[in-house]
Amino acid sequence: MKVSFDERELSGALLCGQIEVNNKPTLMRKTLAGKKTMLIVVDMVKGFCESGALGSERCKRIAPEIKRMLALLPEAEKVFVRDYHTEQSVEFTYFPPHCVGEESEIIDELFVPGCVEVKKNSTNAFVQLLGVRGNLLDYDTVIITGVCTDICVMQLAQSVRAYISEFNGAGNVVVLTDAVETYDSPTHNADLYNMTAIKLMEQSGVLVFKRLV
């Protein structure tokens, strides 16, 4: 007999999605002050936040929080990850075409002239990040923000965490729940997938906090 479930019904029945996210402790900014912190902003581009086949207003809602964090950590190294595809991208065999041309641009609210940019042609930016910042072991903290929590953010966070651990590095990987988000659709309940991704990252050794104060 075929067994099916409704994601929204399951999320509501669990009654723990927002409780899990909202009760995370905050992280004091003074512990991150300095140049040994890297702040990564993942895929806050027009094709995910404003328009296109995968555009989501929900994803853009975290832009003010990320902007606040950029200002709170003036000495941290800022890295902007951008989904950057061509019409021939293999990813389009399982995702609708997205982030081609103008859609791959960082949204105006967060654009920082001269910042480090990492362009990726897949959901995981780790290989490209390592190509431009091969000294990840030198950072005390790598903070990852942006979208989508359960895809690009989670894959990058787990990859960076695994890399640091592989070489017995002392650095931490941090995700802030107020600064990550995912999209909502009939087959993708954002609250459920956010909660699931956050728990999976925690189980991988990523430190999860609510926000930076």
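Observations
- Qualifying residues in region 73-87 (those that are loosely packed, with under 15 Cβ neighbours inside 10 Å and more than 21 Å from GLY131 (Cβ to Cβ)) - the one farthest from the chain's Cα centre (by Cα): GLU87
- Failed criterion for GLU102 (all others in (1) surrounded by fewer than 20 Cβ atoms within 10 Å (Cβ to Cβ); (2) more than 25 Å from ARG29 (Cα to Cα); (3) modelled with pLDDT under 95; (4) touching a Phe, Trp or Tyr at 6+ places or on another chain (Cβ under 9 Å) hold): (4)
- Single residue of region 179-192 satisfying the filter (part of a strand (DSSP E or B) and at pLDDT below 95) that is surrounded by the fewest Cβ atoms within 10 Å (Cβ to Cβ): SER185
- Residue match in region 50-66 (condition: in contact with a strand residue (DSSP E or B) (Cβ under 6 Å, 6 or more places away or on another chain) and assigned to a loop (DSSP other than H, G, I, E, B)): yes
- Annotation note: Cβ proximity below 7 Å between a residue of region 69-89 that is of a type in the set (Val, Ile, Thr) and a residue that is surrounded by fewer than 20 Cβ atoms within 10 Å (Cβ to Cβ) (sequence gap 6+ or interchain) occurs for VAL79/VAL116; VAL79/ARG133; THR86/VAL100.
- Residue in region 111-119 that is of a type in the set (Phe, Trp, Tyr) and surrounded by 15 or more Cβ atoms within 10 Å (Cβ to Cβ) present: no
- Filtered residues of region 36-78 (kept if of a type in the set (Val, Ile, Thr), under 18 Å from ILE151 (Cα atoms) and at pLDDT 95 or above): ILE40, VAL41, VAL42, ILE62
- Selection from region 156-213 of residues that are farther than 24 Å from PRO74 by Cα and among the acidic types (Asp, Glu): GLU166, ASP184, ASP191, GLU202
- Scan of region 104-127 for residues that are touching a residue at least 40 places away in the same chain (Cβ under 8 Å) and either in a helix (DSSP H, G or I) or among the basic types (Lys, Arg) (or both), ordered by number: SER104
- Counted residues, region 188-213 - those being of a type in the set (D, E, K, R) and out of contact with any helix residue (DSSP H, G or I) (no Cβ under 9 Å at 6 or more places or on another chain): 1
- Among residues of region 193-213, those that are hydroxyl-bearing (Ser, Thr, Tyr), under 14 Å from the mean Cα position of the chain (by Cα) and at pLDDT 95 or above, counted: 0
- Filter result for ILE151 (under 12 Å from the mean Cα position of the chain (by Cα), under 21 Å from GLU75 (Cα atoms), among the aliphatic types (A, V, I, L, M) and surrounded by 15 or more Cβ atoms within 10 Å (Cβ to Cβ)): no
- The listed residue being among the aliphatic types (A, V, I, L, M) and touching a Lys or Arg at 6+ places or on another chain (Cβ under 6 Å), out of LEU200, LEU192, LEU176: LEU176
The values are calculated or read from the model by the stated rules, or taken from the named source; none is laboratory data. Remember, it's a predicted structure, so these values are computed and weren't measured experimentally. Quick reminder, even Gly has a Cβ in these numbers, built from the backbone with ideal geometry, and neighbours come from all protein chains shown.
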